[in-house]
Amino acid sequence: MVRTHNLGFPRIGADRELKFAQEAYWKGQSSRDQLKAVGADLRCLNWDAHHGIDLIPVGDFSFYDQMLDMSFTLGNLPERVRGYRGDVLDNYFRVARGRSAPAAAGNDNPDGVAAGEMTKWFDTNYHYIVPEFRADTTFDLDASRLIEQIREATASGINVKPVIIGPVTYLALGKAKDDSGRLALLPRLLPVYLQLLEAIASEGVEWVQIDEAILVTELEPTWKQAFETAYQSLSSSRNKLLLTTYFGPLLENLSLVAGLPVAGVHLDAVNARDEVQALIEQLPADRVLSLGVINGRNIWKADLNGLLDWLEPVAKQLGDRLWIAPSCSLLHVPVDLDSEQKLDGEIKSWLAFAKQKLEELRTLKSALNDGRDAVRAQLDANQAALQSRRQSPRVNNPTVKAAVAEITSQLGQRKSLYALRATKQAAILKLPKYPTTTIGSFPQTAEIRRARSQFKAGTIDEATYRAAMQNEIARCVREQEALGLDVFVHGEAERNDMVEYFGEQLEGYAFSELGWVQSYGSRCVKPPILFGDISRPQAMTVKWIKYAQSLTKKPMKGMLTGPVTILNWSFVRDDQPRSVSCQQLALAIRAEVLDLEQAGVQIIQIDEAALREGLPLRRSQWQEYLTWAVDSYRICANGVKDETQIHTHMCYSEFNDIIAAIAQMDADAITIETSRSDMELLEVFETFNYPNQIGPGVYDIHSPNIPSEQQIIALMQKAAERIPSERLWVNPDCGLKTRQWEEVIPALTNMVSAARKLRAGDRSNT
């Protein structure tokens with residue numbers, strides 16, 4: 001009989017209950033016990049959603065991030081938080097965000113501590129807290145969090161499968177804070193993993209899911225050897241280990257995986273179906289093969305009949321050794337499609353969220369074990385929905401397809417090289433050295449959210465809503481005038497999300513009400529659904545930017561989201577190449593750029609925060625992606641005059657290894673995240689002569705900590721060691737929408753003051 005299991009479930013709750021509980025606790029508005037109670041309720045709801053699934057994940061719930069959970073389980077805490085005497089959960093939040101709740105202040109530095117570095121989880125929009133290592137790092141097991149959840153689940157009659165990050169992936173995704181090698185820590189780490197597995201076995205648990213996702217990446221020989229060493233050691237445990245890989249094929253690592261001494265292997269069969277037979281042939285006859293057949297990364301219904309056509313011979317071949325599951329954790333999709341009451345009915349019929357994906361899994365299991373007639377109604381309904389989508393005239397637009405066919409390389413060329421453009425732009429903008437700006441958004445206040453909610457509900461009309469947003473824009477302009485910033489932004493009061501805002505104004509997009517997905521911590525995003533060909537019916541931002549510019553003589557940046565980021569942060573149609581969808585988006589954004597320029601906007605920022613996120617996981621496949629991604633950016637950005645200054649922004653991604661591609665984008669200025677990494681990301685400029693302007697972020701906006709003037713000066717001085725000071729900007733590392741004005745004002749005051757002192761210092765040295 002085929003068995004079912006799941007790799008992980010969304011932890012935020014269908015109504016973002018976890019987000020609101022976290023933020024209430026951090027503000028001191030609720031107790032630690034209340035926060036923990038919300039977590040317990042959500043875990044219970046998540047387990048209930050798995051009825052009919054044979055093995056249910058435990059330990060996938062987190063109050064912030066599963067990698068940070070693993071660091072605390074292994075006792076790998078940064079030195080700066082080791083002396084903390086308060087509650088473990090408060091110390092956990094100190095690493096995650098620099099501080100915990102006000103109630104923890106008695107054991108805390110009032111200025112907080114440096115938050116852990118944060119970066120993207122493989123090629124997703126989920127961010128994890130990077131483990132920190134040193135040559136003297138030691139590990140000390142604290143299994144209490146996981147054991148408590150196991151007991152909680154088993155007490156409810158749940159057949160549990162604990163989920164942990166594997167030791168080699170844990171080391172690979174961390175960073176050494178000195179010159180030591182991470183693999184040198186493996187002999188110290190493995191005994192702690194064995195202790196953890198023994199603690200789990202003592203709870204009567206048979207199977208443990210151990211995630212080793214780096215097996216879908218290119219590995220150096222030393223890392224391959226680390227897998228053999230690690231799993232030879234872990235094979236002595238009493239548990240049955242399900243080695244789990246996802247997000248891609250194994251390729252040259254397939255034989256390595258097949259030979260590891262584990263009880264089962266999970267393969268992402270959405271991305272690696274071609275490898276299934278090869279893995280079956282190489283796996284020992286007593287090993288379980290789990291196939292991830294339901295896409296855990298996207299929201300389209302699976303072709304159940306098509307899957308059965310493929311799976312039935314596999315099930316006959318493997319028998320009880322075949323398990324089926326989603327391709328990866330369902331963390332990356334919304335919770336429940338049934339919550340959507342306003343989504344277009346036809347489009348809704350094409351979709352499956354996390355709960356619906358589990359239902360698809362149950363249907364496949366019934367068909368494989370009992371025959372298709374046992375679930376004929378479900379299979380027929382699925383087939384009808386797929387046919388509706390294929391035939392819908394809403395999906396294909398011949399005009400858009402014709403425009404894409406006419407794209408030439410000329411669309412992506414600026415009129416002059418950067419050096420000439422820079423001279424012309426400087427003459428017009430007359431900016432000082434170390435010009436100051438922000439990334440785009442200012443705090444989204446309760447008043448802004450209330451007005452937006454009322455407008456969507458129809459309780460205020462468009463004129464009232466527009467007036468409310470203009471009042472907020474005017475406030476942002478006044479605050480920037482008072483701060484003395486050099487280049488202003490309008491604050492983006494009218495924007496709910498940097499991708500959703502644009503998607504709402506483009507043809508070919510649909511939107512959910514409650515389709516939230518966790519990005520990091522309490523930050524959730526609601527990706528728009530790109531279901532058809534993309535076009536721009538009318539200007540999207542011009543009126544707002546023109547109004548903001550009318551309030552000041554300072555340059556006002558036009559703010560746009562770039563085509564690659566809109567693509568990567570959407571649920572993207574799977575019936576055409578992503579590159580084609582990106583070209584469609586590029587043409588739409590290009591039209592907006594030209595309209596802004598025509599309206600007199602001198603600086604236009606086109607954010608590509610997710611450029612690196614779309615990279616294939618194997619370096620050998622990068623160039624194809626980077627070619628069409630960079631070309632798409634250039635199409636949207638490069639139709640302007642020399643005098644128009646184009647900016648772009650990237651955040652929370654390692655970009656050093658794609659710096660040449662970023663330079664090819666040919667933006668006049670780029671702003672990047674460097675505050676959490678202490679300017680580490682600028683090391684690439686020691687060997688790569690980046691030709692244009694750059695703004696290394698000096699204010700970590702994902703933490704409530706306020707950077708001091710001295711800290712900002714020190715960071716900028718580090719930057720000036722690598723990049724000529726005349727090409728440096730001073731700015732935060734990301735937008736400010738998630739922060740409060742009482743945090744933003746002092747932080748930006750320090751930033752502006754630091755820039756002035758840097759200018760004065762440069763003058764005194766000449």
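The values are calculated or read from the model by the stated rules, or taken from the named source; none is laboratory data. Predicted, not measured: the structure shown is a model, and the values here were computed from it. Positions of Cβ are generated from backbone atoms using ideal geometry, with glycine treated the same way; all protein chains shown enter the neighbour counts. To get the accessible areas, we keep the full protein, side chains included, count just its heavy atoms, and leave off ligands, DNA and RNA. Shrake-Rupley method; radii C 1.70, N 1.55, O 1.52, S 1.80 Å.
Tabulated results
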{"quantity": "Every pair of residues 6+ apart whose Cβ atoms lie under 6 Å, when the first sits in region 217-240 and is more than 14 Å from residue 263 (Cα to Cα) and open to solvent by 20 Å² or more (accessible area, probe 1.4 Å) while the second is assigned to a helix (DSSP H, G or I) and not aliphatic (A, V, I, L, M)", "calculated": "218/619"}
{"quantity": "Contacts under 8 angstrom Cβ, first residue in region 441-458 being of a type in the set (Lys, Arg), partner at pLDDT 90 or above and in a helix (DSSP H, G or I), 6 or more apart", "calculated": "452/465"}
{"quantity": "Some residue of region 709-725 being surrounded by 21 or more Cβ atoms within 10 Å (Cβ to Cβ), in a loop (DSSP other than H, G, I, E, B) and among the basic types (Lys, Arg)", "calculated": "no"}
{"quantity": "Search result, residues across region 530-576 that are touching a strand residue (DSSP E or B) at 6+ places or on another chain (Cβ under 6 Å), under 30 Å from residue 296 (Cα atoms) and open to solvent by 40 Å² or more (accessible area, probe 1.4 Å)", "calculated": "574"}
{"quantity": "Where residue 141 falls short, out of the listed (1) buried (at least 19 other Cβ atoms within 10 Å of the Cβ); (2) in contact with a helix residue (DSSP H, G or I) (Cβ under 7 Å, 6 or more places away or on another chain)", "calculated": "(1)"}
{"quantity": "Residue in region 29-39 that is crowded, with 16+ Cβ neighbours inside 10 Å, modelled with pLDDT of 95 or more and among the hydrophobic types (A, V, I, L, M, F, W, C) present", "calculated": "yes"}
{"quantity": "Single match in 146, 197 (criterion: out of contact with any Phe, Trp or Tyr (no Cβ under 9 Å at 6 or more places or on another chain), touching a residue at least 40 places away in the same chain (Cβ under 8 Å), under 17 Å from residue 68 (Cα atoms) and not polar (S, T, N, Q))", "calculated": "146"}
{"quantity": "Some residue of region 738-751 being modelled with pLDDT under 90 and not in a helix (DSSP H, G or I)", "calculated": "yes"}
{"quantity": "Any hit, region 570-577, residues being over 26 Å from the mean Cα position of the chain (by Cα) and at pLDDT 95 or above", "calculated": "no"}
{"quantity": "Tabulated pairs, region 515-529, first open to solvent by 10 Å² or more (accessible area, probe 1.4 Å), second of a type in the set (Asp, Glu) and not in a loop (DSSP other than H, G, I, E, B), C-beta under 7 angstrom, 6+ apart or interchain", "calculated": "522/23; 526/500"}
{"quantity": "Scope region 618-662; condition closer than 23 Å to residue 697 by Cα and touching a Ser or Thr at 6+ places or on another chain (Cβ under 8 Å); matching residues", "calculated": "633, 637, 647, 648, 649, 650, 652, 653, 654"}
{"quantity": "Residues (touching a strand residue (DSSP E or B) at 6+ places or on another chain (Cβ under 6 Å) and either on the phi > 0 side of the Ramachandran plot or of a type in the set (S, T, N, Q) (or both)) located in region 28-63", "calculated": "59"}
{"quantity": "Residue in region 6-27 that is over 17 Å from residue 524 (Cβ atoms) and either open to solvent by less than 30 Å² (accessible area, probe 1.4 Å) or in contact with a strand residue (DSSP E or B) (Cβ under 8 Å, 6 or more places away or on another chain) (or both) present", "calculated": "yes"}
{"quantity": "Contacts under 9 angstrom Cβ, first residue in region 23-39 being closer than 13 Å to residue 89 by Cα, partner among the polar types (S, T, N, Q) and surrounded by fewer than 18 Cβ atoms within 10 Å (Cβ to Cβ), 6 or more apart", "calculated": "25/31; 25/34"}
{"quantity": "Those residues of region 161-180 which are in a loop (DSSP other than H, G, I, E, B), more than 13 Å from residue 136 (Cβ to Cβ) and open to solvent by 10 Å² or more (accessible area, probe 1.4 Å), in sequence order", "calculated": "173"}
{"quantity": "Qualifying residue in region 450-473 (condition: modelled with pLDDT of 95 or more and touching a Leu at 6+ places or on another chain (Cβ under 9 Å))", "calculated": "yes"}
{"quantity": "Those residues of region 385-400 which are over 13 Å from residue 300 (Cβ atoms), in contact (Cβ under 8 Å) with a residue 24 or more places away in the chain, open to solvent by 40 Å² or more (accessible area, probe 1.4 Å) and assigned to a helix (DSSP H, G or I), in sequence order", "calculated": "399"}
{"quantity": "Subset of region 241-255 (residues that are surrounded by fewer than 17 Cβ atoms within 10 Å (Cβ to Cβ) and at negative phi)", "calculated": "252, 255"}
{"quantity": "Any helices (runs of 4 or more DSSP H) falling wholly within region 274-369 and containing at least 3 residues that are open to solvent by 10 Å² or more (accessible area, probe 1.4 Å) and not basic (Lys, Arg)", "calculated": "276-282, 304-318"}
